[in-house]
Protein chains: 2
Amino acid sequence: MADGRHSPAVRGDTLLFLTDEQLRQGSEAMFFAYRGFTADPDRILSDLAYGRAHHRAIHFIGRAPGTTVNNLLNILGVTKQSLNRVLRTLIADGLVLSEVGRADKRERHLHLTEEGRALERKLSDAQRARLRAAFREAGPEAVAGFRTVLEAMMDPEMRASYARLKESGT
Amino acid sequence: MADGRHSPAVRGDTLLFLTDEQLRQGSEAMFFAYRGFTADPDRILSDLAYGRAHHRAIHFIGRAPGTTVNNLLNILGVTKQSLNRVLRTLIADGLVLSEVGRADKRERHLHLTEEGRALERKLSDAQRARLRAAFREAGPEAVAGFRTVLEAMMDPEMRASYARLKESGT
DNA sequence: CAGTTTATGTCAGCCTTGTTGACACTCCAA
DNA sequence: TTGGAGTGTCAACAAGGCTGACATAAACTG
């Protein structure tokens, strides 16, 4: 294997959780859990003409109303062409409003319409229901650990975005 | 919001971790962390002519050598046409061997070639390095919680697949 | 004021990876 | 022998990534 951690006992009990086998189980857990995580919204979206990309846009616009296109681009980590395709349909369908910036008229500030908020709620309710069940089943300490590990897995810029959103929600 | 958990204090301190805000932060953490989780292998794969789908196939074939196409189909949760396209290129490129079953000649048993194993190692080393850093940073208790929550988030069938793989690795 | 940079939108084209539907072949089991 | 399971393959299509090129308006800079 990668670095010779075949035998858990080598470094003593405290590092048992860092064996290759433990790490592999961790990545498989991420894979299967992410599937579950997206399953419920995906089902809702497939009935409408939308996909996961629309969900992400709606989520982050709902989370930070008035955000600019550029900001959304940074959070989502896609190209403006990709995002624009999604935004165009959401605006055309009346779920998102794009208004010219007052201070800087080049910017567009994005908001959800009432209809957009309704879909956002529907999607996040579905997702939260699963997460809530999982959190409740696992208990508060497990949840704290879950969040700590996820945060440590992020790229630094993503961690910054995440922290900014976390603050804004308080 | 969904079920009136606006005010954390309502149900007492023990359920503070189940507020809508906490759940939203949890889903955002999943989103950002999954990006980090796939970033390193993605970089390696984009140099070759492969994508994430190839990585997944290689991973699970490496994990369960001799597995059948149907079994892989169940684990990956895609159609046989999707999987077949990926397998075809991997077989053509000499990374995967498909051998006719001895007991049941309809089945194909999949194995990695030496070259396939080399790529598998390269990819999972990259992924494990990040996971190892995150695990080490978070500590054993956080890791335990992380795994508990992820497992609780899975669909039941996925949880079963995950458990089967976990056992086989012991 | 002229020129550059920034923010955004849009067109065209390509890739991966998912989907459905249809069909063929082999082989097992009743 | 017939039905069904496991597998492979063809065709067509869609979502959602990507790059490159170009347009526009506004802001900034010398």
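When you look at A:SER82, is it at pLDDT below 95 and more than 7 Å from chain B (Cβ to nearest Cβ), yes or no? No. Out of contact with any strand residue (DSSP E or B) (no Cβ under 6 Å at 6 or more places or on another chain), farther than 17 Å from A:LEU119 by Cβ and more than 13 Å from DNA strand D (Cβ to nearest atom): is that true of A:ASN71 in this structure? The answer is yes for A:ASN71. For the range A:115-133: of the residues being in contact with a Leu (Cβ under 8 Å, 6 or more places away or on another chain) and free of Cβ contacts under 8 Å to residues at least 60 places away in the same chain, which is farthest from the other protein chains (Cβ to nearest Cβ)? Only one residue fits best here, namely A:GLU115.
Comparison of B:PHE32, B:PHE60 shows that the only residue that is within 30 Å of A:PHE135 (Cα to Cα), among the aromatic types (Phe, Trp, Tyr) and within 14 Å of DNA strand C (Cβ to nearest atom) is B:PHE60. Can you name every residue in the range B:44-57 that is free of Cβ contacts under 8 Å to residues at least 24 places away in the same chain and either in a helix (DSSP H, G or I) or more than 14 Å from DNA strand C (Cβ to nearest atom) (or both)? Answer for the range B:44-57, where residues must be free of Cβ contacts under 8 Å to residues at least 24 places away in the same chain and either in a helix (DSSP H, G or I) or more than 14 Å from DNA strand C (Cβ to nearest atom) (or both): B:SER46, B:ASP47, B:ARG52, B:ARG56. When restricted to residues that are closer than 17 Å to A:GLU167 by Cα and surrounded by fewer than 16 Cβ atoms within 10 Å (Cβ to Cβ), the range A:49-93 contains 2. In this structure, is B:ARG52 over 23 Å from A:GLN22 (Cα atoms) and out of contact with any strand residue (DSSP E or B) (no Cβ under 7 Å at 6 or more places or on another chain)? Criteria not met by B:ARG52. Note on the range B:74-88: among residues that are under 17 Å from B:LEU112 (Cβ atoms) and free of Cβ contacts under 8 Å to residues at least 40 places away in the same chain, the one that is farthest from the chain's Cα centre (by Cα) is B:ARG88.
The values are calculated or read from the model by the stated rules, or taken from the named source; none is laboratory data. Fair warning: this is a prediction, and the values are worked out from it, not measured in the lab. Every residue, glycine as well, gets a Cβ built from its backbone with ideal geometry; the counts of neighbours run over all protein chains shown.
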